[in-house]
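Everything below concerns the one structure shown next.
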Amino acid sequence: MNSCDLASAKPAPSLLRRWRREPLLHVLLIGATLFVVYYALNPRAGQRQDSNHIAITADDLAQIRLAWMAQWQRPPTPEEMRNLLDGKIREEVLFREAMALGLDKDDTIVKRRLAQKMEFVMEDASALREPASDELRRWFAQNARRFAMPSLVTFRHLYFSPDRRGAHTRDDAANALNKLSSKPEETPELDGLSDRFMFQDFYAEGSPDQVANIFGTSFAQALPGLEPGKWQGPIESGLGWHLVWVESNIPGRVPAFEEIEARVKSEWNDEQRAEGKRKMFDHMRSRYQIVLPEAAPAMPGGPVAHAAAASR
C-alpha cells in the first residue's frame, strides 16, 4: 500500500463505538435499569416463594406491633408478641397450602377481596394534582346546581285528625281558621281548637325534603306559597288537615364560590379520582373480550361477544 492509499483510508471504528450504536445494547441497559429499580422498591420480590420458605421481616414485625398498639393502646408483651407471630406464620402456611390445592379458584369471596384490593390500587394510582383557582371556579360554574341550598321554612301548625273527626275534618279546620282570623300566632283561642299531633307542632328552617318526609310532598310544596305572619289553610297532608302559621320562608340559592370553596375542592377531587379510576378500568377492560350467553342484557363499554358467536 502506497502513501496515497494510507492518506485516503478512514480509520476503522473501534469495537466500543460500534457497541454504543447497537440498539440491542440500549434495550438491555434499559431493562437492567428497570430490574434494579423494581427490586430496590420491592425488596421482597426476589425472595423465594416456594412452599417451604416463609420469610418474616423486620417490617412484618413492626406492622404486627403497630396493629396491636392501635387496637389495645399499649405495646404487646413478649408472650403476646410470640402469639401474634405464631398467628402470622399460621396464616401464611395455610395460605400457601390453600393456593397449592387451588382453593382460590372459582371462590366468590376470594375474587371479591382481590377485586376490592385492585380498587384500592387504582385509588392510590389516581394521584390528584392541586387545581388552579380559575380551573376550580370554572368547574364550580358548570356544576353550580350541585351546590344549591334548598329553601328553608319555619312554621307552626294546628292538626285536625281524620281518625277523630271523620268526614268533617276539613270543615272543622276551616271553621277554626275563621276563629283565628286576624289573631296572632299565640292566642287563647288556640286552646282545644285542634287535635294532638304525633310529632312536633313547630318546625324551624325545614327543607322541602325534610317537611315532605313528615307531611308528604303536596304539603311541602304548598308552604312556599303561604304568606308569613298569619294563619292559613286548611292544607292537607298525608296525616290529615292543618292550619299553618309561617314565620319565615327563606328561598333557595346557590352560594358564592368563596362561601364553599373547601367543599367545591373536595367534590372536584372526588370527581377527578372517580374519573381516573374509570379510565384505568376502561383500559384494563379493553384487553379482554367478554363472552355472555345469548339471553344476557346488553352491556355498555368494551367488546362483548355472545357464547354462540364465540364458539364458532
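Tabulated values for the structure
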quantity: Residue selected from the stretch 84-112 under the condition surrounded by 12 or more Cβ atoms within 10 Å (Cβ to Cβ) and of a type outside the set (A, V, I, L, M), by the criterion farthest from the chain's Cα centre (by Cα); calculated: R96
quantity: Filtered residue count, the stretch 229-269, keeping only those that are under 22 Å from A148 (Cβ atoms) and of a type outside the set (K, R); calculated: 20
quantity: Top-ranked residue of the stretch 214-263 - restricted to ones that are assigned to a strand (DSSP E or B) and closer than 30 Å to F140 by Cβ, ranked as most open to solvent (accessible area, probe 1.4 Å); calculated: R253
quantity: Matching entry among E119, E79 (being acidic (D, E), touching a Lys or Arg at 6+ places or on another chain (Cβ under 8 Å) and open to solvent by 60 Å² or more (accessible area, probe 1.4 Å)); calculated: E119
quantity: Residue list for the stretch 115-159, filter: under 15 Å from the mean Cα position of the chain (by Cα), among the polar types (S, T, N, Q) and assigned to a helix (DSSP H, G or I); calculated: Q116
quantity: Subset of the stretch 197-213 (residues that are of a type in the set (F, W, Y) and part of a loop (DSSP other than H, G, I, E, B)); calculated: F197, F199
quantity: Residue ID - nearest to the chain's Cα centre (by Cα), chosen from residues in the stretch 163-188 that are hydrophobic (A, V, I, L, M, F, W, C) and open to solvent by less than 90 Å² (accessible area, probe 1.4 Å); calculated: A173
quantity: Condition broken by F160, with the remaining ones in (1) among the hydrophobic types (A, V, I, L, M, F, W, C); (2) within 30 Å of F199 (Cα to Cα); (3) open to solvent by 50 Å² or more (accessible area, probe 1.4 Å); (4) in contact with a helix residue (DSSP H, G or I) (Cβ under 7 Å, 6 or more places away or on another chain) satisfied; calculated: (3)
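The values are calculated or read from the model by the stated rules, or taken from the named source; none is laboratory data. Please read all numbers here as calculations on a predicted model, not as lab measurements. All Cβ positions, glycine included, derive from the backbone under ideal geometry; neighbour counts span all protein chains shown. Only protein heavy atoms, including side chains, enter the accessible area calculation; ligands, DNA and RNA are left aside. Shrake-Rupley method; radii C 1.70, N 1.55, O 1.52, S 1.80 Å.
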